[in-house]
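The values are calculated or read from the model by the stated rules, or taken from the named source; none is laboratory data. Just so you know, these numbers come straight off a predicted model, no measurement behind them. Note that we place each Cβ from the backbone using ideal geometry, even for glycine, and neighbour counts take in every protein chain shown. For the accessible areas, the whole protein counts, side chains as well, though only heavy atoms, and no ligand, DNA or RNA atoms are used. Shrake-Rupley method; radii C 1.70, N 1.55, O 1.52, S 1.80 Å.
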Amino acid sequence: MTQRHAILATAGHIDHGKSTLVRALTGVDPDRLKEEKERGLTIDLGFAPLEMADGRLLGMIDVPG
């Protein structure tokens, strides 16, 4: 059986660029809440899909730091 899906979660201290990395790789802003945008930091888990060149799907999770 070929693996078709995988999950990658970010981890690290606040303001180390986790959301920026997810946004750069996927084009999706994981900070979707108004409060996150106002404060400039992740408050809740953010999710973004990334389709790999071979068609596999990588689910990215942006974890608050």
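Residue by residue, what Karplus-based ³J(HN,Hα) values in Hz, rounded to whole numbers, does segment 21-29 have, using 6.51, -1.76 and 1.60 with θ = phi - 60° and x for Gly and Pro?
5, 4, 4, 5, 7, 10, x, 10, 7
Taking the Cα centre of the chain as the origin and placing charges on Cβ (Lys, Arg +1; Asp, Glu -1), which of P30, G55, S19 is farthest toward the positive end of the dipole?
G55
The list (1) 0.93; (2) 1.03; (3) 1.08 gives values of Rg/Rh (Cα atoms, Kirkwood Rh), and only one came from this structure; which label was calculated from it?
Computing Rg/Rh (Cα atoms, Kirkwood Rh) and matching it to (1) 0.93; (2) 1.03; (3) 1.08 gives (2).
Can you list residues whose amide H is under 5 Å from A9's amide H, if they're 5+ apart or on another chain and H is modeled 1.01 Å from N?
Correct list: I61.
First compute the accessible area of the chain with a 1.4 Å probe, then give the percent of it belonging to carbon and sulfur atoms. Provide the component values of the computation, followed by the final result.
Details: 2700 of 4620 Å².
Percent of accessible area from carbon and sulfur atoms in the chain: 59.
With n ≥ 4 as the cut-off for DSSP H runs, can you work out [θ] at 222 nm for the chain, using -39500 (n - 2.57) per run divided by the number of residues, rounded to the nearest 500?
It lands at -6000 deg cm²/dmol.
If contacts are Cα pairs under 8 angstrom and at least 6 residues apart, what is the relative contact order of the chain in percent?
Worked out over the chain, it gives 43 percent.
Please list 3J(HN,Hα) in residue order for segment 53-62, calculated via the Karplus relation 6.51 cos²θ - 1.76 cosθ + 1.60 where θ = phi - 60°; whole Hz, with x for glycine and proline.
So the Karplus estimates, Gly and Pro as x, are 4, 8, x, 5, 10, 10, x, 9, 10, 9 Hz.
In Å², and per residue, what accessible area does the chain have when probed at 1.4 Å with the other protein chains present?
Value for the chain: 71 Å² per residue.
Where both residues lie in the chain, what percent of DSSP beta bridges are antiparallel, nearest 5?
In the chain, approximately 55 percent of DSSP beta bridges are antiparallel ones.
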